[in-house]
Amino acid sequence: MTEEISVLIIEDESMWSDSISMNLHDFGYTVAGIANNFEDAVIALGSLEYDIVLLDINLNKRNIGIEIGKLITAHYRKPFIFISTVTDKNILKEAVLAGPSAYLGKPVTPASLIATIQSAINNFHNHVVADVKKEEDYLFFFIKSGNKYKKITWKEVVYLRSDKKYTCLFYSLDKTEYYIKSTLTNTLRFVVPQDMQNKFIQVNRAEAVHVSFITEYAGDEIKTNYKTLTVTEAFVYDLKKELRLTS
């Protein structure tokens, strides 16, 4: 089983920190801690174990999140994401100078949160400082293994399979199964990027397949070069529609 990526949240509004924490837990992330002011944030940064930081620019009605961001860049060398409703161009220009790996505007949705965390990790490891703009969906994500991060490209995922509270995915490049702490329904709705969601077709209550890997559809079976999946009656119509089959 892969390890969970840990997140430190620095946010002064409990409504947002609670909502973000819940979404992180739902999608297999660990919340390392929550700090709601400058002093607690500094202590948390120096004492907790975390992989990435979610950081509000406007902390306690001041833009001291930018100073915390500069501190993270200079001393802790961890990826961090600015979360804010700030629209002032001068503030946003200063925020870029702090070296964020991504930027996420409020309100935060599960899909935007997961996509932005993944893009931030990618930007950080590629030494890219994010511009302060709306993040787009990314066609990859990272799975933590030890102190390393495995980059998974969605176009190479053959199928998704429900495994209780997890979704198992089969990755064609290394012929390995990886696990995401998310139900199949939530994975298809929130984790798979929007540009790829029409590529995965659910064939039964527990499985979905990437259309590019389908080699044959006959009777109640979908075949790929890696696995044969059973198609149940409830999903036949949608499957034929997506495959553009008329009978």
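All of LEU97, LEU169, LEU92, LEU113 fail the test of being out of contact with any His (no Cβ under 9 Å at 6 or more places or on another chain) and under 22 Å from TYR226 (Cα atoms), apart from LEU169.
Residues that are assigned to a helix (DSSP H, G or I) and surrounded by 19 or more Cβ atoms within 10 Å (Cβ to Cβ) within segment 57-79 comprise GLY65, ILE66, ILE68, GLY69, ILE72, listed in sequence order.
Conditions: (1) at pLDDT below 95; (2) open to solvent by 50 Å² or more (accessible area, probe 1.4 Å); (3) within 29 Å of ILE52 (Cα to Cα); (4) in a strand (DSSP E or B). PHE142 meets all but one. Number of the miss? The number of the failed condition is (2). The residue of segment 93-109 that is modelled with the lowest pLDDT, among those that are among the small types (Gly, Ala, Ser) and open to solvent by less than 10 Å² (accessible area, probe 1.4 Å), is ALA95.
Matching residues to (1) open to solvent by less than 10 Å² (accessible area, probe 1.4 Å); (2) within 30 Å of ASP163 (Cβ to Cβ); (3) in a helix (DSSP H, G or I); (4) free of Cβ contacts under 8 Å to residues at least 24 places away in the same chain:
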| site | (1), (2), (3), (4) |
| --- | --- |
| ASP12 | no, no, no, no |
| GLY33 | no, yes, no, no |
| VAL42 | no, no, yes, no |
| LEU55 | yes, no, no, no |
| ILE81 | yes, yes, no, no |
| ALA111 | no, yes, yes, no |
| ILE117 | yes, yes, yes, no |
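Is it the case that LEU139 is in contact with a helix residue (DSSP H, G or I) (Cβ under 6 Å, 6 or more places away or on another chain) and under 20 Å from ALA32 (Cβ atoms)?
no
Could you please let me know if ASN90 is open to solvent by 40 Å² or more (accessible area, probe 1.4 Å) and part of a helix (DSSP H, G or I)? So ASN90 passes the test. Inside segment 224-238, can you point out the residues that are at pLDDT 95 or above and open to solvent by 60 Å² or more (accessible area, probe 1.4 Å)? If the condition is that a residue be at pLDDT 95 or above and open to solvent by 60 Å² or more (accessible area, probe 1.4 Å), then ASN225, TYR226, THR228, THR230 are the ones that fit. Number of residues in segment 146-182 that are outside any strand (DSSP E or B), polar (S, T, N, Q) and surrounded by fewer than 19 Cβ atoms within 10 Å (Cβ to Cβ): the value is 2.
I'm trying to understand the selection: among the residues of segment 20-31, which are open to solvent by less than 40 Å² (accessible area, probe 1.4 Å) and in a helix (DSSP H, G or I)? Result: ILE20, SER21, ASN23, LEU24.
Residue by residue, here is whether (1) under 13 Å from LEU160 (Cβ atoms); (2) basic (Lys, Arg); (3) not in a strand (DSSP E or B) holds:
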{"position": "ASN186", "(1), (2), (3)": "yes, no, yes"}
{"position": "GLN197", "(1), (2), (3)": "yes, no, yes"}
{"position": "SER212", "(1), (2), (3)": "no, no, yes"}
{"position": "LEU229", "(1), (2), (3)": "yes, no, no"}
{"position": "VAL236", "(1), (2), (3)": "no, no, yes"}
{"position": "LYS240", "(1), (2), (3)": "no, yes, yes"}
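Every condition in (1) modelled with pLDDT of 80 or more; (2) closer than 26 Å to ALA102 by Cα is met by VAL132 except one, and the failing one is (1).
The values are calculated or read from the model by the stated rules, or taken from the named source; none is laboratory data. Every value quoted in this text rests on a predicted model; they were computed, and no experiment measured them. We place every Cβ from the backbone using ideal geometry, glycine too, and count neighbours over all the protein chains shown. Each accessible area value is taken on the protein alone, full model and side chains, heavy atoms only, with ligands, DNA and RNA left out. Shrake-Rupley method; radii C 1.70, N 1.55, O 1.52, S 1.80 Å.
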